[in-house]
Amino acid sequence: MDNNVIMETGAAPSVQTTDVDVLVVGAGFAGLYQLHKLRQAGFRVKVIEAGSDIGGIWHWNRYPGARVDSHGAMYQYSDPDLWKDWAYKELYPGWEELRAYFDHVDAKWDLRKDVVLSTRVTGADFDESTRKWTVHTDKGGDYVARSFVLCTGFASKPYIPEFEGMKDFKGEIHHTGLWPQQGVDMRGKRVAVIGMGASGVQVMQEAGAEAKRVTHFLRTPCLAIPMWQRQMTEVDNEEMRKHLPEDMMKRKQTFGGFNYDFQDVGVYEVDDAKREEMFESIWKAGGFWWWLNNFNDVLFDERSNRAQYDFWRKKVLARIKDPRLAEIYAPEQPPHPYGVKRPSLEQNFYEVVQQDNVDVVDLKQEPIVRFTEKGIQTTKGEYEFDIIVLATGFDAVSGGLTQLDIRGTAGRTLGEKWRDGVRTHLGMASREFPNLYFIYGPQSPSGFCNGPTAAEAQGDELVKLLVKFRDAGITRVEAKADAEEAWRNHCKMVADMTLFPKADSWYMGANIPGKPRELLMYPSGLPAYLQACEDSISKHFAGFEVSR
Ligand code: N01
């Protein structure tokens, strides 16, 4: 038996209790980084993971075509020991390669031995006398830990809209985020895809190639950007590695955690010819360059933003011949300012939706009334399907945390505490939940930041804090109420200077009925965020109430 395991006996049935210094939930980029760094710092750590393997989002999201929208060079940890002999085969790797990457990391960092797989946290309570958390799991074992770190990811709670009659449908229904591990065969089938976020775009591209008929049901078009996908040769990878030391440093100094940042001029600070030339060159870079390497005022100024939209539309219209489809996917009036809803990358999406085997239903003209035994009934008729794909997104950023039955010192869960809006200090801790921390959660860079960059940069701040608390003999750490209000007010003040509040996006919590409408991300960019963390540390943990 593991020497940390204690058998508790008594009248009640015995519960196997494992004693650790830090218990982490979630074995994606953030959780695994915590495991690696905290172990190096001498902590005893275990990770609890609901999935049957490590990889987090790349374990669950294995729908056809699932691939990452960050380019592979930046979609990895910065440790040279890992990247020196790792090479993605595609510029934007797919889920199979991403899973292989996690195997590579495990081979180097020896992670799996401390990850408890196929196990869900069912509840947790804080004991004031010991200043430790007791964490319960669905496998019957408890864990007792001084520090409890939630790395549940920004998309671990799928959103399934309550369509009437869903149970009546006799075919298969799959949410992209809960895709069967054995896959779903679409060949020769009639497939419906509902939604047009990153998941909807990617599934449509594959379904269009595989299925007999595909029907895309969409409400709001995603303003997608060309991925310019390509194979990475060994020469490409060698070239990439030459720049990685510098790029890995740089990515912590940019707004979105990439090796590029916004231009240092606004759209109307250059003349017409220069503006067109710059738009053209950013467009050619493709991917998120078009989003986060664009003019510096596009996310703030409506007129500048409209120029970006008009350029985008011109490019897309050149690919769509059918005027009805053109108005659905690239309408004359933007559905919202450009880039304040996540713009996904596409490879041949606009060609696929014009194929003979593809139908497009504009839900604004023809809303879904209900699901039926055979398919989907809209206000204009019934469509028959074998498979319905729900690419309907997630209760993002906060949903993975609020769904947990973790009771704080006031007896309520994070979900109950945040019913009227999120309150955190540094997007990392919340009052009433001492010694509990979260990575990639609300009011941190989270969804505005490349995942591995955030996992490392925010992760390093947390590791630094935990080491300092331990070394100072601090056993209880709790966010202060006034610090939470100040952080919340700062996030809101900056958010209100941007165009983000103008869209009903998951960034704003607006995709989930009843969820408070607020920007869920820290809006001032990664460098400002890291500076705020450093300020707290250097000012004797400002914003935290600490005691020995
Ligand atoms: O989800 P989404 P997602 N009736 O919320 C529609 C990351 N990700 O899974 O916009 C009809 O973006 C909804 O319509 P509307 C990435 O950060 C990354 O695609 O509300 N439709 C929308 O079209 C991404 O942003 C990658 O009008 C309904 C869609 O469903 C995030 O995850 C891959 C509906 C949901 O889009 C989420 O992406 C996949 C209803 N009742 C995901 N309810 C890569 O990096 C919702 N919709 C590649």
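Take the conditions within 16 Å of the ligand (Cβ to nearest atom) and of a type in the set (D, E) and apply them to E128. Does it pass?
no
Within segment 131-165, the set of residues being within 16 Å of the ligand (Cβ to nearest atom) and among the hydroxyl-bearing types (S, T, Y) comprises T152, S156, Y159. Entry remark, segment 137-154: residues being part of a loop (DSSP other than H, G, I, E, B) and touching a residue at least 24 places away in the same chain (Cβ under 8 Å) number 6 in total. Against the definition (touching a Pro at 6+ places or on another chain (Cβ under 7 Å) and either of a type in the set (G, A, S) or in contact (Cβ under 8 Å) with a residue 12 or more places away in the chain (or both)), how does D420 come out, yes or no? In short, yes.
A count restricted to segment 65-115 and to residues that are within 16 Å of the ligand (Cβ to nearest atom) and in contact with a strand residue (DSSP E or B) (Cβ under 9 Å, 6 or more places away or on another chain) stands at 14. Within segment 155-176, the set of residues being surrounded by 23 or more Cβ atoms within 10 Å (Cβ to Cβ) and assigned to a helix (DSSP H, G or I) comprises T176 only. Remark: pairs (first residue in segment 381-398, closer than 15 Å to M196 by Cβ and assigned to a loop (DSSP other than H, G, I, E, B); second residue polar (S, T, N, Q) and near the ligand (Cβ under 6 Å from one of its atoms); Cβ separation under 6 Å; 6+ apart in sequence or on different chains) = A391/T176; A391/S199; G393/N511. Looking at segment 189-208, can you tell me whether even one residue there is more than 10 Å from the ligand (Cβ to nearest atom) and surrounded by fewer than 17 Cβ atoms within 10 Å (Cβ to Cβ)? The answer is no, given that none of the residues of segment 189-208 is more than 10 Å from the ligand (Cβ to nearest atom) and surrounded by fewer than 17 Cβ atoms within 10 Å (Cβ to Cβ). If you filter segment 305-337 down to residues that are within 15 Å of the ligand (Cβ to nearest atom) and over 27 Å from G94 (Cβ atoms), you find that the one that is surrounded by the most Cβ atoms within 10 Å (Cβ to Cβ) is P337.
For the structure I just gave you, tell me whether F295 is away from the ligand (no atom under 16 Å from the Cβ), among the aromatic types (F, W, Y) and free of Cβ contacts under 8 Å to residues at least 60 places away in the same chain. For F295, the condition - away from the ligand (no atom under 16 Å from the Cβ), among the aromatic types (F, W, Y) and free of Cβ contacts under 8 Å to residues at least 60 places away in the same chain - is met.
Only helices (runs of 4 or more DSSP H) whose full extent lies in segment 192-285 are considered here, and the ones with at least 2 residues that are within 30 Å of I368 (Cβ to Cβ) are 198-210.
Applying the selection to segment 338-352, what residues are within 14 Å of the ligand (Cβ to nearest atom) and in a loop (DSSP other than H, G, I, E, B)?
Pass one, segment 338-352, residues within 14 Å of the ligand (Cβ to nearest atom): 339-347, 349.
Scanning segment 338-352 gives G339, V340, K341, R342, P343, S344, Q347.
Among residues of segment 61-77 that are more than 12 Å from R251 (Cα to Cα), those with a beta-carbon under 9 Å from a residue that is of a type in the set (D, E, K, R) and within 12 Å of the ligand (Cβ to nearest atom) at least six positions away or on a different chain give the pairs D69/R342.
No lab work stands behind these numbers, since they all come straight from the coordinates. Just so you know, these numbers come straight off a predicted model, no measurement behind them. Using ideal geometry, Cβ is built from the backbone for each residue, glycine included, and neighbour counts are taken over all protein chains shown.
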